[in-house]
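Colleague: Below you will find the structure I want to go over with you.
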Amino acid sequence: MDTAPPHTRHAPLALALFTAPLGFVVANATYAWATRHGGSDATGAQALALTAAHPGEMRLATVAAMLGSLLMVPAVLGARRLIGDRSSRLGFLGATLMAAGYICYFAVAFSGITATVMVERGGPLADYAAVLDGAQSDPSAVWVFLLFVLGNLVGTLLLGLALLRARVVPLWAAVAIMAWPPLHVIGLVAGTEWFEVAGALTQAAGLAVAGLRLLAASRRP
């Protein structure tokens, strides 16, 4: 039987709400810096070239994204607990999609470590690029990328909307969370990572407020 006070039980979830989005702030900012003069990881060849040019930055971005993905699972559970019964269906759907999406993103981000090892080893880079491209386009793996996109964009939007409808965070905090999907898409269209950096920062601010509200709610009698 769990006899710990509620604020103690909620503290790990609140901590995840504070720290998980910071992983993506670091990941996106590091990637933006690495690509400030051009470059991309859209294809295997481009990923290898970018990693060869910026090995430290790409390793940091990869590890930060992986840690952020792991921590995002308890973070969305904390947001769901804060929502409670006020917007339960929307909150459940958003949290479930986000958790599943970021679990998949951990797998996607891990390919950055593979690219780093390939560059450090040297050898047939054209063959390595074909392996990276094949891993992403293999029919048995495509669903991982699709679920990540669904959770990252739709799930985040739904969770922010649920927090807004439940009135458990200020309007600006919910909007800040929901700003991530459009800013991410704008960055992809514009071809610059700095929109994603802005989106990661706004999401971090919104989720931090949710973490503070979760701690405050758990202390109420």
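Colleague: Taking K and R as +1 and D and E as -1, what net charge do the other residues with C-beta under 13 Å from the C-beta of ARG81 add up to? Show your work: numbers first, answer last.
Modeller: On the way: positive: ARG9, ARG80, ARG86, ARG213; negative: ASP85.
Every neighbour counted, the sum reads +3.
Colleague: Per DSSP H run of at least 4 residues, take -39500 (n - 2.57); add these up for the chain, divide by its residues and hand me the 222 nm value, nearest 500 deg cm²/dmol.
Modeller: On the way: 10 runs with 178 residues, N = 221.
Only helices count here, giving -27000 deg cm²/dmol.
Colleague: I've got another one for you. Tell me, what is the per residue accessible area of the chain in Å², probe radius 1.4 Å?
Modeller: Working: 11010 Å² over 221 residues.
Using a 1.4 Å probe on heavy atoms only, each residue of the chain averages 50 Å².
Colleague: Leaving out ligands, DNA and RNA, and with a 1.4 Å probe, what % of the accessible surface on the chain is carbon or sulfur?
Modeller: The nonpolar share, carbon plus sulfur, comes to 70 percent.
Colleague: Right, here's the next one. Around ALA99, with a cut-off of 14 angstrom between Cβ atoms, what is the net charge of the other residues, counting Lys and Arg +1 and Asp and Glu -1? Let's see the in-between values first.
Modeller: Numbers: positive: ARG80, ARG81; negative: none.
Its environment carries a net charge of +2.
Colleague: What FRET efficiency, computed as 1/(1 + (r/R0)^6) with R0 = 22 Å and r the Cβ-Cβ distance, is obtained for VAL185 and HIS37, rounded to the nearest 0.05? Show your work: numbers first, answer last.
Modeller: On the way: r = 24 Å, r/R0 = 1.07.
The computed FRET efficiency comes out at 0.40.
Colleague: Can you compute the modelled spin-label distance between ARG89 and ALA135, with each label point 7 Å from Cα toward Cβ, in nm?
Modeller: Taking the simple label geometry, ARG89 and ALA135 are separated by 4.1 nm.
Colleague: Given a Förster distance of 30 Å, report the FRET efficiency between LEU212 and VAL154 from their Cβ-Cβ distance, rounded to the nearest 0.05.
Modeller: On the way: r = 26 Å, r/R0 = 0.86.
According to the calculation, E is roughly 0.70.
Colleague: Taking the Cα-to-Cβ direction at VAL142 and at ARG9 and moving 7 Å from each Cα, how far apart do the two end points lie in nm?
Modeller: 4.4
Colleague: While we're on this one: Name the residue farthest towards the positive end of the dipole of the chain from the options LEU93, VAL144, VAL26, assuming +1 on Cβ of Lys and Arg, -1 on Cβ of Asp and Glu, about the Cα centre.
Modeller: Selected residue: LEU93.
Colleague: To continue, here is another question. Give me log10 I(q)/I(0) at q = 0.12, 0.14, 0.17 Å⁻¹ for the stretch 1-143, Debye formula, one equal scatterer per alpha-carbon, no solvent.
Modeller: Those come out to -0.60, -0.75, -0.95, one per q.
Colleague: R0 = 30 Å: FRET efficiency of ARG219 with ARG165, Cβ-based, nearest 0.05?
Modeller: Once the sixth-power term is evaluated, E becomes 0.80.
Colleague: Sequence-distant or interchain residues sharing an amide H contact under 5 Å with VAL168, placed H: which?
Modeller: none
Colleague: Quick one: 3J(HN,Hα) in Hz for the stretch 86-91, Karplus 6.51/-1.76/1.60 with θ = phi - 60°, rounded, Gly and Pro as x.
Modeller: Per-residue couplings from phi come out as 6, 8, 5, 5, 5, x Hz.
Colleague: Here is a follow-up. Using Cα-Cα distances under 8 Å and only pairs 6 or more residues apart, what relative contact order does the stretch 1-153 have, in percent?
Modeller: Working: 176 pairs, mean separation 44.0, N = 153.
29 percent.
Colleague: Rounded to the nearest 20 Debye, what is the dipole magnitude of the chain about its Cα centre when Lys and Arg each give +1 and Asp and Glu each give -1 at the C-beta?
Modeller: Details: 13 positive and 10 negative charges, 247 e Å.
The calculation lands at about 1180 debye.
Colleague: So if I take the centroid of the Cα atoms in the stretch 8-79 and the same for the stretch 145-221, what is the distance between those two points in Å?
Modeller: Rounded to whole Å, the Cα centres lie 16 Å apart.
The values are calculated or read from the model by the stated rules, or taken from the named source; none is laboratory data. As the structure is a prediction and not an experimental result, all values here were calculated from the model. Note that we place each Cβ from the backbone using ideal geometry, even for glycine, and neighbour counts take in every protein chain shown. Each accessible area value is taken on the protein alone, full model and side chains, heavy atoms only, with ligands, DNA and RNA left out. Shrake-Rupley method; radii C 1.70, N 1.55, O 1.52, S 1.80 Å.
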